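Everything below concerns the one structure shown next.
The values are calculated or read from the model by the stated rules, or taken from the named source; none is laboratory data. Everything quoted here is computed from the prediction, not taken from an experiment. Reconstructed Cβ throughout: ideal geometry from the backbone, glycine too, with neighbour counts over all protein chains shown. The area values use the complete protein model at the heavy-atom level, side chains included, leaving out ligands, DNA and RNA. Shrake-Rupley method; radii C 1.70, N 1.55, O 1.52, S 1.80 Å.
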Amino acid sequence: MAQVKFTPNLKRFFPDLCECEIDAATVAEIVAAVDQRWRGLGDYIIDEQGALRKHVNIFVGDELLRDKRALSDRVSADTKIFIVQALSGG
């Protein structure tokens, strides 16, 4: 199962949010699963068209998510996923 971690600041909105393991083939399936577990988290991560929101980044292993529109990046049982709030400004 893929190991999913979250940026600590998400606990402000989802107090019981914790690292978890999810059986999934794509990042889109990961997002759907975490939204099932923590209702509303999916809306924080993706927009109405299912694309990654601008203020969120997802790392698949050590690499930034490639497909930000459909979240079709593949994951395997040993993949580590990290969902973080993107920082902007200067």
Heavy-atom accessible area per residue - the chain, 1.4 Å, Å²: 63
Placed amide H near residue 61: partners under 5 Å, 5+ positions off or other chain: 80, 81, 82
Sparse-neighbourhood loop sites, chymotrypsin sites (Phe, Trp or Tyr not before Pro) in the chain - DSSP loop, at most 11 other Cβ within 10 angstrom: 13
Calculated Cα extents along the principal axes in Å (choose from [x] 55, 27, 15; [y] 35, 28, 25; [z] 48, 22, 20), label: [y]
Test item: Cα-centred dipole of the chain, Lys/Arg +1 and Asp/Glu -1 on Cβ, debye: 320
Surface share of carbon and sulfur [accessible, 1.4 angstrom probe, percent] for the chain: 50
The chain, relative contact order in percent, only Cα pairs under 8 angstrom and at least six apart counted: 37
Leading residue at positive end of dipole, the chain (Cβ point charges), from 32, 70, 44: 44
Potential extension, residue 67-residue 13 segment - 0.36 nm per residue separation minus Cα distance: 16.8 nm
